[in-house]
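> Quick one: the structure is below, questions incoming.
The values are calculated or read from the model by the stated rules, or taken from the named source; none is laboratory data. Since this is a predicted model, take the numbers as computed values, not measurements. Don't worry about glycine lacking a Cβ; one is built from the backbone with ideal geometry, like all the others, and counts go over all protein chains shown.
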Amino acid sequence: MSKSIKLVALAGLLAAVAACAQQEEEYVVVEPEPISVEPVHTGKYK
């Protein structure tokens, strides 16, 4: 076979392998911030 046919066949094979390869899904875990209650000021001496 000629070199150009071999190169085209190799490129096609590489493209097929790349298309069939399993791709891992990326996921991001976001932890929620803790909920805190703001202190309520009721006066100096209460």
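> Say whether the condition of being assigned to a loop (DSSP other than H, G, I, E, B) and modelled with pLDDT under 85 is met by at least one residue in segment 9-19.
Scanning segment 9-19, I find no residue that is assigned to a loop (DSSP other than H, G, I, E, B) and modelled with pLDDT under 85, so the answer is no.
> Looking at segment 24-46, I want the residues that are among the aromatic types (Phe, Trp, Tyr) and have a partner that is loosely packed, with under 10 Cβ neighbours inside 10 Å with Cβ atoms under 8 Å, at least 6 apart or on another chain. Which pairs are those?
Short answer, once both residue conditions are applied: none.
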